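To start, the structure under review is shown below, and the notes come after it.
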Amino acid sequence: MSRFVQQQRFGGPEQLEVVERDAPDPGPGQVRVRVAAAGLNPVDWKIGQSQQLAHVFGVTLPGGFGNDFAGTIDALGDGVLDWAVGDRVFGGRRGAAVADHVVAEAASLTRTPDGLDDEVAGSLQIAARTADAAVGAVAPLPGETVVIGGAAGGVGVLATQLAVASGARVLATASESNHDFLRELGAEPVAYGEGLVERLRAAAPEGLAAAVDLHGTTTIDAALELGVAPQRISAIAAGADAPAGVRRIGGGDASVGALGRIAAALADGSVVLPIERSFPIERIREAVELQRGGHVRGKVVVSMR
Ligand SMILES: NC(=O)c1ccc[n+]([C@@H]2O[C@H](COP(=O)([O-])OP(=O)(O)OC[C@H]3O[C@@H](n4cnc5c(N)ncnc54)[C@H](OP(=O)(O)O)[C@@H]3O)[C@@H](O)[C@H]2O)c1
């Protein structure tokens, strides 16, 4: 038997149950992955509580939960030549990932490099592509100063390190408890909230060249007030509130090969992605509550071991 997390109806974590079923069989061009870890993203619980958003993402209930996963291939569908049973992989499958087994298109998977553990690999599909896209859209240059708004979350930790690696000076907004951590990543922390514009002006009297808003619109608004051109501002969580000209970005805008490059950097230790907490599948509701609280450093993961 194979466990998976099922959501019966729209609502919060109380709607999630661990149920058992037969392990699904892969169809042509698909593989089955024995999942070791599934990283959670805000979109998972947002879909779970909104029929409208679920419709946008093609999710219907009752159904599964989660998107990102990592594990080991344990069955191959017809016509799959590029993978073998036993290969370590990570990927994404909407509304299906928090489970002992996931069936996925073989071509959608990325090889997990040696040295990268499944909890981190299973946290990459959404966050790493989105971080790459959000930073890439504003292309920070050495000598420029860029602000990353919401720098301590799953996307933020990776975006901050990508921006630092570009050679730019990086101001990173977070609450006080994350400031030392962001300094370790090479960024200069700034508190978000009331007075952000004044703090950014004081931190960068030479001016800001670019901004990446990973939380809402407050970093966008501050950057515009400080004279940043809209086309050098990217946003992933502003939705329709994004001011005209700002680059609205999603994971689908990632550069070719971004996942593999970021996975390799995590494996060699040049990039880090902290796992704030890992929960066994039976404690899925607690895992989602923590993620939904909005103050996770790095990722929350569900373990299927
Ligand atoms: N468009 C897309 O394709 C796409 C892709 C991925 C994510 N998203 C969206 O982007 C957002 C971030 O995703 P994520 O995975 O990084 O989420 P996350 O891991 O849950 O983000 C948590 C972080 O948000 C920070 N935060 C909380 N309140 C904040 C505020 N007022 N200002 C700035 N930062 C604040 C927290 O920092 P402190 O703990 O320091 O307070 C925490 O580190 C979510 O809304 C998500 O739905 C969109």
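Before moving on, here are some points about what is shown:
- Among the residues of region 4-58, just one is within 25 Å of Val89 (Cβ to Cβ), among the small types (Gly, Ala, Ser), in a loop (DSSP other than H, G, I, E, B) and within 16 Å of the ligand (Cβ to nearest atom), namely Gly58.
- Considered as a group, the residues in region 202-228 that are loosely packed, with under 15 Cβ neighbours inside 10 Å and in contact (Cβ under 8 Å) with a residue 12 or more places away in the chain include one that is nearest to the ligand (Cβ to nearest atom), and that residue is Glu225.
- Any pair with Cβ under 8 angstrom, 6 or more apart, that starts in region 143-162 at a residue that is closer than 12 Å to Ile126 by Cα and of a type in the set (Val, Ile, Thr) and ends at one that is part of a helix (DSSP H, G or I) and more than 6 Å from the ligand (Cβ to nearest atom): Val155/Ala131; Val155/Ala134
- Residue that is farthest from Ala133 (Cα to Cα), among those in region 168-197 that are crowded, with 20+ Cβ neighbours inside 10 Å and in contact with an Asp or Glu (Cβ under 6 Å, 6 or more places away or on another chain): Leu171
- Top-ranked residue in region 254-275 [being in a loop (DSSP other than H, G, I, E, B) and within 16 Å of the ligand (Cβ to nearest atom); ranked as nearest to the chain's Cα centre (by Cα)]: Leu273
- Residue in region 276-289 that is in contact with a strand residue (DSSP E or B) (Cβ under 8 Å, 6 or more places away or on another chain), part of a loop (DSSP other than H, G, I, E, B) and surrounded by 14 or more Cβ atoms within 10 Å (Cβ to Cβ) present: no
- All positions within region 61-81 that are more than 16 Å from the ligand (Cβ to nearest atom) and either free of Cβ contacts under 8 Å to residues at least 12 places away in the same chain or among the acidic types (Asp, Glu) (or both): Asp74, Asp78, Leu81
- Members of region 242-275 found to be within 25 Å of Val296 (Cβ to Cβ), loosely packed, with under 13 Cβ neighbours inside 10 Å and not hydroxyl-bearing (Ser, Thr, Tyr), listed by number: Gly250, Gly252, Asp268, Gly269
- Gly298 among the small types (Gly, Ala, Ser), within 13 Å of the ligand (Cβ to nearest atom) and not assigned by TED's automatic domain parsing to the domain that holds Tyr192: yes
- Tally of residues being buried (at least 24 other Cβ atoms within 10 Å of the Cβ), assigned to a loop (DSSP other than H, G, I, E, B) and more than 9 Å from the ligand (Cβ to nearest atom) across region 133-167: 1
- Identity of the residue in region 173-201, among the β-branched types (Val, Ile, Thr) and touching a strand residue (DSSP E or B) at 6+ places or on another chain (Cβ under 7 Å), that ends up farthest from the ligand (Cβ to nearest atom): Val190
- From the options Ala97, Ala107, Ala54, residue that is of a type in the set (A, V, I, L, M), under 18 Å from Glu282 (Cα atoms) and in contact (Cβ under 8 Å) with a residue 12 or more places away in the chain: Ala97
- Residue list for region 77-108, filter: of a type in the set (Lys, Arg) and assigned to a strand (DSSP E or B): Arg88
The values are calculated or read from the model by the stated rules, or taken from the named source; none is laboratory data. On a predicted model such as this, the values are computed, not experimentally measured, just so you know. All Cβ positions, even for glycine, are placed from backbone atoms using ideal geometry, and neighbour counts span all protein chains on display.
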